[in-house]
1. How would you order 92-103, 63-74, 30-41 from highest to lowest mean count of nearby Cβ atoms within 10 Å?
2. Have a look at the range 6-49 and give its Rg and Dmax from the Cα atoms, expressed in angstrom.
3. Per residue, how many Å² of accessible area does the range 56-118 show with a 1.4 Å probe?
4. Using a simple spin-label model with points 7 Å from Cα along the Cα→Cβ vector, what separation in nm is obtained for ARG39 and GLN64?
5. Looking at the range 56-118, how many pairs of lysines come closer than 17 Å at the Cα, when each pair is eight or more places apart or spans two chains?
6. Which whole-number percent is the relative contact order of the range 6-49 (Cα, under 8 Å, 6+ apart)?
7. List the pair-distance distribution P(r) of the range 56-118, using every Cα-Cα distance, as the percent of pairs falling in each 5 Å bin from 0 up to the bin containing the longest distance, rounded to whole percents.
8. Under a point-charge model restricted to the Cβ atoms of Lys and Arg (+1) and Asp and Glu (-1), what is the dipole moment magnitude of the range 56-118 relative to its Cα centre, in debye to the nearest 20?
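The values are calculated or read from the model by the stated rules, or taken from the named source; none is laboratory data. Note that the structure is a prediction, hence the values are computed from the model and not measured. Cβ: placed from backbone, ideal geometry, glycine included. Neighbour counts: every protein chain shown. The area values use the complete protein model at the heavy-atom level, side chains included, leaving out ligands, DNA and RNA. Shrake-Rupley method; radii C 1.70, N 1.55, O 1.52, S 1.80 Å.
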Amino acid sequence: MARTKYSERPCAYCNKSTRMEFVGEMEGIQNKAWFRCTRCHHTSLIDVGPPAASLVHGKLDATQATLYQPGQSFKVGEAIFHTEWNDVGKVVSKMKTSDGSQAIIVSFEKQGQRRLIENLKPEPSTNGTTAE
Ligand SMILES: [Zn+2]
């Protein structure tokens, strides 16, 4: 017995779950296939199969993340890795601190939301020498 071409899918045009006919898979796109609604006859690309775990939990890959360094500047949406905390996070916003330095708000997986200094300029040592 052949597998049925019809299944219940959410139709974006009908705005509800309808009986849809499987039309075909799109090359190069995983877990997505074309389905035609038997009610409105619109064809749409619909998610099929289990979504990747990375999408479900929004897990960040530490190997893909930029190493956090105070002297560096970061972009919103950039994944960064904090070596001291051994934690990976995503830059959610940028701000200026009261003392005029730049900071990033990072949502870390373990630490939660943290503010980190970015674009830190090395301070010239004014009282570094202690002359006897
Ligand atoms: Zn429809």
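1. My ranking of the peptides, most packed first, is 30-41, 63-74, 92-103.
2. Taking only Cα atoms of the range 6-49, I get Rg and Dmax of 9.6, 28 Å.
3. 61
4. Taking the two extended label points, one gets 3.6 nm.
5. 6
6. Result for the range 6-49 is 31 percent.
7. Histogram of Cα-Cα distances, whole percents per bin: 4, 20, 33, 25, 11, 5, 2, 0.
8. Roughly 200 debye, rounded to the nearest 20.
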